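Beneath this line is the structure, given in structure tokens, with notes to follow.
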Ligand code: FAD
């Protein structure tokens with residue numbers, strides 16, 4: 001079955017016509033994980049996302065699948081252990097999506113300050129032993145020490161006089177938007193979840209005043225049609241919008257979340273050539289930045305600042321760029337200037353609020369699952385890396401809500417009249433789709449050689465990938481293709497804008513856009529880019 005606009009249309013009809021055990025609000029990594037977990041337990045599952053899948057925070061992360069070395073410093077050992085277990089599991093279940101990535105951690109300091117350098121190297125070594133013992137070594141390699149010369153061989157752009165040595169340790173990396181999309185596809189195509197993007201939840205309905213939640217009101221943002229979804233339980237996986245969805249249930253805004261903004265900038269890889277991620281401290285701030293290779297580019301990030309602007313469109317400001325450039329330029333031989341920046345992106349971390357005035361960088365990355373008196377299950381916080389565990393906890397809570405209602409609604413009665421044991425989480429062993437994509441794109445090029453041309457000059461994407469995105473990845477807009485099915489916009493904004501008209505023409509053919517709609521897509525894209 002094709003995962004394209006026809007399936008989306010059919011799914012939206014089904015949302016209004018059928019009854020579901022569990023409806024997920026939000027198609028970021030958390031919601032996608034919940035849909036897969038729920039559908040694979042055998043629950044009749046629907047997922048609605050008000051924009052594109054992953055268009056919130058889940059396409060704007062640093063894309064590192066990791067335990068988080070710095071969380072060890074914050075003594076979050078359990079969090080690191082769990083995240084490293086999840087990293088390992090993802091490397092096994094989705095080797096086509098998640099790849100090991102060596103990280104270089106230089107030991108900084110002049111060779112004259114031998115005692116200081118020795119202490120610093122010892123501290124890093126202890127932290128990396130701890131990281132390996134907490135689970136990092138399960139990737140198959142232990143961290144190792146490098147001489148100053150070897151460190152400079154791996155990152156020749158570092159100022160040699162500041163480098164006293166280095167360490168290599170291992171984490172992993174994934175295209176966050178693709179991982180999210182493949183989870184949604186796995187939930188839908190392999191386990192029967194009914195999913196749709198551009199479907200917004202506009203209201204939550206209870207059984208009488210103050211009663212249990214039993215329905216969700218939605219609007220198809222592309223056609224304007226409205227539907228009511230009947231559901232046994234509702235999971236709120238709306239990321240930084242989680243409080244907005246809770247207010248539909250509770251009637252007032254809970255303000256439980258404290259969003260923190262993080263930005264990244266992209267540069268040509270020729271500016272900072274490296275085949276591994278490089279971790280550098282930010283002078284004057286107790287944080288580090290990462291320089292990560294990505295095809296012919298590298299990206300640098302991230303910042304971590306409190307955010308109280310509009311949730312829908314966080315932007316990378318001149319000050320954000322200046323912060324990252326200052327941090328990089330403290331360590332590189334040839335300074336990077338603002339005009340070297342080819343792309344930027346900004347995302348909001350859905351961090352759990354605490355009442356103190358702690359910096360957002362120090363707030364915990366743990367997740368929480370809360371159930372409202374009416375049965376809304378809200379899952380918040382967490383990391384891209386730990387989505388599966390968050391999903392399992394959320395669906396366990398949802399199953400408890402259904403159990404408490406057993407016999408009171410037809411849906412819960414149906415669920416609990418099945419053989420026991422079926423409702424246990426199965427995702428620890430479920431493979432994730434996506435391995436078939438490369439050969440399907442190749443086949444398209446074989447059948448239509450004109451699709452073998454480059455989509456955006458200077459970037460490694462083919463015209464066939466845009467066609468595949470429309471036919472098999474539920475891409476509905478030009479932005480879906482240029483920002484998430486491919487990552488063109490993130491890496492090179494100007495080249496991507498220049499390619500927006502030819503890409504829109506290609507999509508017009510696939511998605512049935514007339515001339516006016518094609519132009520509207522190009523205009524809309526120029527505003528978000
Ligand atoms: P989101 O991805 O924001 O998804 C929520 C979705 O809900 C959105 O798509 C939104 O459109 C939808 N929604 C909202 N309201 C409605 C409604 N009414 N109806 C329907 N849908 C609705 N984690 C890591 O593990 N590794 C990293 O390297 C890493 N780096 C990060 C760097 C930055 C700068 C940031 C900001 C985060 C980073 N994270 C990282 C954390 C990780 O990205 C997030 O924890 C994760 O993406 C959150 O996913 P989510 O699904 O909860 O939220």
Spin-label proximity, residue 110 to the range 321-353 - amide N less than 16 Å from point 7 Å beyond Cα toward beta carbon: 331
Tell me, 340, 492, 312 in order of fewest to most beta-carbon neighbours within 10 Å? 312, 340, 492
Fraction of antiparallel bridges per DSSP, the chain only, in percent to nearest 5: 75 percent
What is the helix-to-structure angle for 463-472, meaning the angle in degrees between its Cα long axis and the longest Cα principal axis of the chain, kept from 0 to 90 and rounded to the nearest 10? 30 degrees
Once the Cβ-Cβ distance between residue 519 and residue 221 is put in as r, and R0 is 22 Å, what FRET efficiency do you end up with, to the nearest 0.05? 0.70
Counting other beta carbons within 10 Å of each residue's own, what order do 271, 145 fall into, fewest first? 145, 271
Subtracting the Cα-Cα distance from 0.36 nm times the residue separation, let me have the gained length for residue 77 to residue 153 in nm, one decimal. 24.1 nm
Return the inverse of the average 1/r over all pairs of distinct C-alpha atoms in the range 437-528, which is the Kirkwood hydrodynamic radius, in Å to one decimal. 12.9 Å
Rounded to the nearest 10, the angle in degrees between the Cα long axis of helix 387-404 and the longest principal axis of the Cα atoms of the chain comes to 30 degrees
Could you state the angle between the C-alpha long axis of helix 29-40 and the longest principal axis of the C-alpha atoms of the chain, as a value from 0 to 90 degrees rounded to the nearest 10? 50 degrees
Nearest-0.05 FRET efficiency for residue 315 and residue 256, computed from C-beta distance (R0 25 Å): 0.55
I'd like the distance separating the alpha-carbon centroids of the range 445-522 and the range 188-263, in whole Å. 30 Å
One finds, for residue 400 and residue 209 with R0 = 22 angstrom and r their Cβ-Cβ distance, a FRET efficiency to the nearest 0.05 of 0.40
Within a 10 angstrom radius of the beta carbon, how do 487, 78 rank from fewest other beta carbons to most? 78, 487
Taking the convex hull of the Cα atoms, report for the chain its projected area averaged over all directions, in nm². 24.6 nm²
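We did not get these values from a lab; they are worked out from the coordinates using the rules stated. This is a predicted model, so every value here is computed, not measured. Every residue, glycine as well, gets a Cβ built from its backbone with ideal geometry; the counts of neighbours run over all protein chains shown.
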